[in-house]
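The values are calculated or read from the model by the stated rules, or taken from the named source; none is laboratory data. All figures in this text were calculated on a predicted structure; none of them were measured in a lab. Using ideal geometry, Cβ is built from the backbone for each residue, glycine included, and neighbour counts are taken over all protein chains shown.
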Amino acid sequence: MRSGSFSDNSLSSASSVGNVDNDEGFYKQQEPSIPNSAAMEKIFRPKSLQLRSKQQIWQESTEGQKMLEFRRSLPAFKEKDALLTAISENQVIVVSGETGCGKTTQLPQYILESEIEAARGAVCSIICTQPRRISAMSVSERVAAERGEKLGESVGYKVRLEGMKGRDTRLLFCTTGILLRRLLIDRNLKGVTHVIVDEIHERGMNEDFLLIVLKDLLPRRPELRLILMSATLNAELFSSYFGGAPTRHIPGFTYPVRTHFLENILEMTGYRLTPYNQIDDYGQEKVWKMQKQAQALRKRKSQIASTVEDALEAADFKECSIRTQESLSCWNPDSIGFNLIEHVLCHIVRKERPGAILVFMTGWDDINTLKDQLQAHPLLGDPGRVLLLACHGSMASSEQRLIFDKPEDGVRKIVLATNMAETSITINDVVFVVDCGKAKETSYDALNNTPCLLPTWISKAAARQRRGRAGRVQPGECYHLYPRCVHDAFADYQLPELLRTPLQSLCLQIKSLQLGSISQFLSRALQSPEPLSVQNAVEYLKVIGALDENENLTLLGRNLSMLPVEPKLGKMLIFGAIFNCLDPIMTVVAGLSVRDPFLMPFDKKDLAESAKAQFSGREYSDHLALVRAYEGWKVAERQQSGYEYCWKNFLSVQTLKAIDSLRKQFFCLLKDSGLVDHNTDNCNRWSHDEHLIRAVICAGLFPGICSVVNKEKSITLKTMEDGQVLLYSNSVNAAVPKIPYPWLVFNEKVKVNSVFLRDSTGVSDSLLLLFGGNISRGGLDGHLKMLGGYLEFFMKPALADTYISLKRGLEELIRMK
Ligand code: CDP
Ligand code: MG
């Protein structure tokens, strides 16, 4: 289990110089009396000083000088001494400052430098958490470069299943999840001297969780220093959470940014919105109508949407010209007009001064669709004039790096990004920002126990952040693609993630960290989640067998908490190992935790769907289709035709590669944890058995289950919580006339206007009986009773018979025992 977690102790023990306690004392006492011998110095001089002298050499080089100059020009530099004093005098401080002022790259370095200065370089251990992988990686790389070192020397990083750190690493950038994982095995963070929690203003679930744990830890580790960093100015909230911890603000410097809202964008660029533009954007009138209906529905249902609607209705467009007024009245708040974005980009590329453009989109799908559209454009798709890049949390790291590079002269860089480019990464040469005003936000409907993923309006704070990205290097421009009145209706801040997502993984972690009662623990959060959300999560963990009736962690639960994937995927991996069909199961789990490798280009959707359907054959399973596609790709790779294969089958090479590497890491994890035995041939003995794979998928995904009723012309699908549900059109089960299975297990359901299921697999009654749920819950009786509840609900009399005879048979068996 160790290699995937944070546990290797190079960081927590001062491995380079042996005993921590003695090291400093030795140095202090011995140094004056050691004769000036280079050889002696090499042997005895602690690493802290070796690091320092290396730094000096670097700083004297031209490149080093330039870097130093740059670092000194950052706003954080002026505050360096004040910050270090505040850190030494207080256990907790809150630091805020404009994005780009040097919080993430500089402050951890100041601490490291001052520790080295104070001859504590060998014993200090600074951990700086980042909410996202890409920032942990890019920031550590940047900081190592600023220090003239290779990554993995004094500065390293660690993200899920990947990392770069060495014996001498003293400053580690990691994702928040990694630090939580380390707390699993090292509750007191032994040896860690400073914890820096970055981007706390985002109010991510992991960060809010970590803050509760750290708040409890502080009294046990009085010498530990905690630094909270935030981009926006809600520092008081955090300060009061930590009993009035002092706050330090880094006054920032950004250039002025000229702001355009939709009304002046239309004036300026001469673009006219008409309903037909909307139809163009989405291809079909049908979609337009559907959106209109959904809009009307949502207007009734959702307060936020209606705020925007009200704002629009109340808007006073007197100041706009007649033409813009007409145009604005066609603006559809539910869709981002890709044509409008294209138009604005053309305007900038043709008419504006040089400088990179950063476009904020809602998510990966939108980015891909827009990228395809722009690539077909005569100007924007011309690689001699435009460098078009995407930036998204789950992209490969080699790709991520490209967005930081400067393009050749005369080439305009356009980066299509999600909201991750708001605060956590800084692209230096951005002068223009185009903001669609939305972000895909997960929310959670606790009443129906259904997660929702909808593009929602961003907050005013986020809009301000997006705007700010344009004024990094010179005066900039920001194009908000929505009217000013809509902006004014935005909420001030986004709702914390803890209050809007399912809490299963979190609850599992609370249990494995032995933090006591889940609900009591969560009541100590900055803002506590609703009791119903907590109850749902606990119930889920009981159903899958991770917790027993008294909310104690079971053996399965303990194993699950060690695997860096969602509980259901972890359960699938464990079952895959137990039932010796590991290869295909690892592919399924890797696919579900990276993203779908099947591409669905907007204009070739039919072709792409039928390519995917080929992989399913008669298996009625998106998961098995993924396994077949991956296996086909591996064969093609061996024959040097991987790319051709992907091209022909609408598969993403990048995603398949990511799946490949994740699979390898899963395997190491399972092997280390003893779940896969040494004779690794065994673990694939049944990998060809489609039924067994189906069973293991069912074991993992239960209670994600819906009943299938084949009617003459349609198929009705129902879940217990939502009633009738639909399949996403790219599911292999969506286009078939009949599904010859009574049940589908699914990975995810998402409420858009109806509830849609993503990725499903057909299962039979007997598989459901044997693999659905948790046999140990309330004994066999309890298990069967729960399944019986399902059967009753769906009124499956034949299955009820099977159930009764199975129950009888099992009782008989138990009696005989
Ligand atoms: O954390 P904060 O937003 O305050 O700033 P930062 O990430 O520490 O970045 C400080 C400065 O370093 C930025 O203004 C960038 O100019 C530069 N930087 C860079 O050149 N390359 C990076 N990968 C990260 C930062
Ligand atoms: Mg930062």
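Scanning region 404-426 for residues that are part of a loop (DSSP other than H, G, I, E, B) and either buried (at least 22 other Cβ atoms within 10 Å of the Cβ) or within 16 Å of ligand 1 (Cβ to nearest atom) (or both) yields a total of 9. For region 220-227, state whether one or more residues are within 19 Å of THR423 (Cα to Cα) and crowded, with 18+ Cβ neighbours inside 10 Å. Scanning region 220-227 turns up at least one residue that is within 19 Å of THR423 (Cα to Cα) and crowded, with 18+ Cβ neighbours inside 10 Å. Criterion first (more than 16 Å from ligand 1 (Cβ to nearest atom), of a type outside the set (Ser, Thr, Tyr) and not in a loop (DSSP other than H, G, I, E, B)) does LEU210 satisfy it? Answer is yes for this residue. Identify the residue in region 114-134 that is away from ligand 1 (no atom under 14 Å from the Cβ) and modelled with pLDDT of 95 or more and, among all such residues, is nearest to the chain's Cα centre (by Cα). The extreme case among them is ILE127. Across region 232-254, the number of residues qualifying as small (Gly, Ala, Ser) and outside any loop (DSSP other than H, G, I, E, B) comes to 3.
The set of residues from region 227-261 being in contact with a strand residue (DSSP E or B) (Cβ under 6 Å, 6 or more places away or on another chain), away from ligand 2 (no atom under 16 Å from the Cβ) and not β-branched (Val, Ile, Thr) comprises SER239, PHE242, ALA245, PRO246, ARG258, HIS260, PHE261. Conditions: (1) among the small types (Gly, Ala, Ser); (2) surrounded by fewer than 16 Cβ atoms within 10 Å (Cβ to Cβ); (3) modelled with pLDDT under 85. GLY772 meets all but one. Number of the miss? Exception for GLY772: condition (2).
In the condition set (1) outside any helix (DSSP H, G or I); (2) over 18 Å from ARG663 (Cα atoms); (3) of a type in the set (A, V, I, L, M), ALA613 is compliant with all but (1). Being in contact with a helix residue (DSSP H, G or I) (Cβ under 7 Å, 6 or more places away or on another chain), among the basic types (Lys, Arg) and buried (at least 22 other Cβ atoms within 10 Å of the Cβ) is the requirement here; does LYS165 meet it? So LYS165 does not fit the description; no. The set of residues in region 542-584 that are buried (at least 21 other Cβ atoms within 10 Å of the Cβ) and touching a Pro at 6+ places or on another chain (Cβ under 7 Å) comprises ILE544, ALA546, LEU560.
Flag: LEU189 matches the condition of being modelled with pLDDT of 95 or more and on the phi > 0 side of the Ramachandran plot. All of (1) surrounded by fewer than 24 Cβ atoms within 10 Å (Cβ to Cβ); (2) at pLDDT 90 or above; (3) more than 14 Å from ligand 1 (Cβ to nearest atom); (4) not in a loop (DSSP other than H, G, I, E, B) hold for LEU184 with one exception: (2).
Within region 221-237, restricting attention to residues that are within 16 Å of ligand 1 (Cβ to nearest atom) and hydrophobic (A, V, I, L, M, F, W, C), which residue is farthest from LEU112 (Cα to Cα)? Only one residue fits best here, namely LEU233. Could you please let me know if ALA122 is more than 15 Å from ligand 2 (Cβ to nearest atom), touching a residue at least 40 places away in the same chain (Cβ under 8 Å), out of contact with any strand residue (DSSP E or B) (no Cβ under 7 Å at 6 or more places or on another chain) and over 18 Å from PHE404 (Cβ atoms)? It is true that ALA122 is more than 15 Å from ligand 2 (Cβ to nearest atom), touching a residue at least 40 places away in the same chain (Cβ under 8 Å), out of contact with any strand residue (DSSP E or B) (no Cβ under 7 Å at 6 or more places or on another chain) and over 18 Å from PHE404 (Cβ atoms). Just one of (1) in a loop (DSSP other than H, G, I, E, B); (2) under 18 Å from TYR620 (Cα atoms); (3) of a type in the set (Gly, Ala, Ser) fails for GLY674. It is (2).
Does GLY156 satisfy the criteria of being assigned to a loop (DSSP other than H, G, I, E, B), touching a residue at least 12 places away in the same chain (Cβ under 8 Å) and among the small types (Gly, Ala, Ser)? When the stated conditions are applied, GLY156 does not pass them. Does LEU107 satisfy being part of a loop (DSSP other than H, G, I, E, B), aliphatic (A, V, I, L, M) and within 14 Å of ligand 1 (Cβ to nearest atom)? No, not satisfied. If we scan region 97-113, do we find a residue that is at pLDDT 95 or above and more than 33 Å from the chain's Cα centre (by Cα)? Checked region 97-113: no residue is at pLDDT 95 or above and more than 33 Å from the chain's Cα centre (by Cα). Right, GLU149: within 16 Å of ligand 1 (Cβ to nearest atom), over 25 Å from the mean Cα position of the chain (by Cα), part of a loop (DSSP other than H, G, I, E, B) and not polar (S, T, N, Q) or not? The answer is yes for GLU149.
Could you identify the single residue in VAL359, VAL434, VAL430 that is modelled with pLDDT of 80 or more, within 16 Å of ligand 1 (Cβ to nearest atom) and closer than 28 Å to MET229 by Cα? The unique qualifying residue is VAL430. Pull up region 152-171, narrow it to residues that are more than 15 Å from GLU113 (Cα to Cα) and either within 16 Å of ligand 1 (Cβ to nearest atom) or of a type in the set (Lys, Arg) (or both), then point me to the one that is modelled with the lowest pLDDT. Result: ARG160. Among the residues of region 719-740, just one is farther than 17 Å from GLU619 by Cα, at pLDDT 90 or above and of a type outside the set (A, V, I, L, M), namely GLN724.
Among the residues of region 65-101, just one is in contact with a strand residue (DSSP E or B) (Cβ under 7 Å, 6 or more places away or on another chain), in a loop (DSSP other than H, G, I, E, B), within 16 Å of ligand 2 (Cβ to nearest atom) and within 24 Å of CYS174 (Cβ to Cβ), namely CYS101. Restricting attention to region 419-436, the residues being within 16 Å of ligand 2 (Cβ to nearest atom), within 21 Å of the chain's Cα centre (by Cα) and not charged (D, E, K, R) number 8.
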